[in-house]
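The numbers here are math on the coordinates, done by the rules we state, and not lab data. Just so we're clear, the structure is a prediction, and the values are computed from it rather than from any experiment. Cβ: placed from backbone, ideal geometry, glycine included. Neighbour counts: every protein chain shown.
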Amino acid sequence: MEANLTMVYDQIIARNPGEAEFHQAVREVFDTLGPVMARNPQYTEAAVLERICEPERQIIFRVPWQDDQGRVQINRGFRVEFNSALGPYKGGLRFHRSVYLGIIKFLGFEQIFKNSLTGLPIGGGKGGSDFDPHGRSDGEIMRFCQSFMTELARHIGPNTDVPAGDIGVGGREIGYMFGQYRRITNRYDAGVLTGKGLTWGGSLVRTEATGYGLVMFTQRMLQTRGLDFAGRRIAISGSGNVAIYATEKAQEFGGEVITCSDSAGYVVDEAGIDLDLLKQVKEIERGRVSDYAMRRGSSAKFVPGGSVWDVPAEVALPCATQNEVREDDAVTLLKNGVKAVAEGANMPCTPGAIAAFSKAGILYAPGKASNAGGVATSGLEMQQNASRDSWSFEYTEDKLADIMANIHDTCSETAAEYGHAGDYVMGANIAGFIKVADAVIAQGLI
Ligand code: GLU
């Protein structure tokens, strides 16, 4: 990191103590911005970095609810409205026991640049709660979502802030929250949330979009080296929405997806993941990957507590959560001949892992570029809501494919322009940043 950037970075660390993930996300961006700041003195004069790193608004609130035994439960809710220079704040809600301000701020910060890269008019924000949905009944989930929205409703709106899903928040939760928003406001503002059901304002392809977009991006990146998915072994971590639809698209492109995982361990299935079974276990029964292995028969093995990155593969798509690929995992992947790593999750690779991939010269795509298909399709859902229209699957998927191709090419052209051809981290950070920085300056000191 250049000296002038280090000074700003140190101030940001001091102002935001104890937020390790936020520090990590800021550092990753600052590490690549030296040449941009040197070429654009106006960014330093206008303190653009300092402004982008300070959220426009941060909301923290109490979420009281009653469990099935009638006991009172208290959780903490968050919405960080990070930057609205390019459009209304946009980003998901995460319900997971690990959530605290540092997690929401890292996600919100990444979202600013990711959303900028999509080319759509959306700013960056993120929210969520330390609520743990694991093992909760449908009634408990509904009561929690209603209580969460009772406070959130006053802060959001189709032209203000548009939440969606993330870990622990899918179609069911969006439904309960949309219902409560509608009840409180007495408005059918379809565009206030994305990821809605198809009969009440949702968009086709939104469910599949993050995973599909990831594989589309990765295919284009592989092609730069004359490679593709066909016939290759693919390791995918996670078993949620991103992992499932990354598996589906990778299989459609001829890849052999052989793994999935959850917090208890991983499955390696030498016959290739049976997607119908995985969907049944995860989407319908809300079960675990160990159930998948048990029902799949002899081709699949469940490894409790192990690292999915021990499985030899040519393409690795981390689709679980932050910091799930550590430096030693990266070393193992490289030793086993990995040729490309593309992030489906947000910040799944640690700085040590990224350094190892970059030193080895393999293809590596950061999440803010490769997983942007989800939020991009949320942007398309907003367009459909605004025009009271709904598009066909094919039309929407074509739009997603165009957006992913465009993000890929923007990243690779920007990296080349700054003398780092093939460095997708540099390309994504610089291209995402410049657009926001110019908009911030144009709109004056606010
Ligand atoms: N949570 C997703 C992300 O990390 C999508 C957010 C959205 O659709 O607004 O980008």
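Observations
- For region 254-311, applying the loop criterion from DSSP together with a ceiling of 14 other beta carbons within 10 Å to the chymotrypsin sites (Phe, Trp or Tyr not before Pro) yields no site.
- Extension gain, Asp67 back to Glu2 (0.36 nm per residue minus Cα-Cα distance, nm): 18.2 nm
- Peptides 416-423, 92-99, 328-335 ranked from most to least packed by the mean count of surrounding Cβ atoms within 10 Å: 92-99, 328-335, 416-423.
- Region 278-354 and region 85-162: distance between their alpha carbon centers, rounded to Å: 25 Å
- Greater than 23 Å apart at Cα, pairs in Lys282/Lys339; Lys90/Lys368; Lys249/Lys359; Lys105/Lys368; Lys90/Lys196: Lys282/Lys339; Lys249/Lys359
- Val257 long-range amide H proximity, modeled H, under 5 Å: Ile234, Ile273
- In sequence order, region 193-207 has phi-based couplings of 9, 10, x, 6, x, 5, 8, 9, x, x, 10, 4, 6, 4, 4 Hz under the Karplus curve 6.51 cos²θ - 1.76 cosθ + 1.60, θ = phi - 60°, and Gly or Pro positions carry x.
- Shape call, the chain: gyration tensor on alpha carbons, a/c limit 1.5: rounded
- Centre separation in Å (Cα based) which lies between region 1-59 and region 194-246: 31 Å
- Couplings for region 289-297, taken from phi via the Karplus curve 6.51 cos²θ - 1.76 cosθ + 1.60 with θ = phi - 60°, read 5, 4, 5, 4, 4, 4, 8, 6, x Hz in order; Gly and Pro are left as x.
- MRE, 222 nm, helices only [DSSP H, n ≥ 4, -39500 (n - 2.57), over the chain, to nearest 500]: -14500 deg cm²/dmol
- Gyration tensor verdict on region 177-257 (Cα atoms; rounded if a/c is under 1.5, prolate if a/b is larger than b/c, oblate otherwise): prolate
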